[in-house]
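One structure is given here, and the rest of the page talks about it.
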Amino acid sequence: MTNIVILVGNVGADPESRTSQSGTSITNFSVATSRRYRNDAGDLVEQTEWHRITAFNGLGKTVAQYVKKGMKVSVQGRLHYSKWTDQTGQTRYGVDIYASEVEFLSKAPASTAGGSASPEDDEVPF
């Protein structure tokens, strides 16, 4: 069985990068997708959903360098579910998409070159 997700949407904010204690480069960003449908009253409604994307190592560095808020991107990856306890002791759940490929479908607002990123050394380390 396969866990594959493909999203096409707009980047919500500039990516944020950090390095783990083990030296793994981790870049996070959000992508908005929208769908239009007619509700029971026949009105056209647009529903937007936000997705958290995580890219590792070379792919993450490329995303951090070239992806900017407002760009249209295509992301391919897999779903990753997590569970944690917040500062108040409450159990929280989340889902991220671990990216294996990010394709730039538009240029960044500040004339950054677009392209596609899927470096071979970007396997998720865990």
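Checking each residue in segment 69-95 for being open to solvent by 50 Å² or more (accessible area, probe 1.4 Å), farther than 28 Å from Lys107 by Cα and not in a strand (DSSP E or B) picks out Gln87, Thr88, Gly89, Gln90. Any residue in segment 61-69 that is of a type in the set (Phe, Trp, Tyr), in contact (Cβ under 8 Å) with a residue 40 or more places away in the chain and out of contact with any strand residue (DSSP E or B) (no Cβ under 6 Å at 6 or more places or on another chain)? Yes, the conditions are met somewhere in segment 61-69. Scanning segment 54-63 turns up no residue that is surrounded by fewer than 18 Cβ atoms within 10 Å (Cβ to Cβ), under 12 Å from the mean Cα position of the chain (by Cα) and under 15 Å from Asn10 (Cβ atoms). Restricting attention to segment 34-46, does a residue exist that is of a type in the set (A, V, I, L, M), assigned to a strand (DSSP E or B) and under 11 Å from the mean Cα position of the chain (by Cα)? No, because not a single residue in segment 34-46 is of a type in the set (A, V, I, L, M), assigned to a strand (DSSP E or B) and under 11 Å from the mean Cα position of the chain (by Cα).
Restricted to segment 24-37, and to residues there that are open to solvent by less than 50 Å² (accessible area, probe 1.4 Å) and free of Cβ contacts under 8 Å to residues at least 24 places away in the same chain, the residue that is nearest to Val67 (Cα to Cα) is Ser30.
The values are calculated or read from the model by the stated rules, or taken from the named source; none is laboratory data. Everything numeric here is computed off the predicted structure, so don't read it as measured data. Cβ: placed from backbone, ideal geometry, glycine included. Neighbour counts: every protein chain shown. These accessible areas exclude ligands, DNA and RNA; they are computed on the full protein's heavy atoms, side chains included. Shrake-Rupley method; radii C 1.70, N 1.55, O 1.52, S 1.80 Å.
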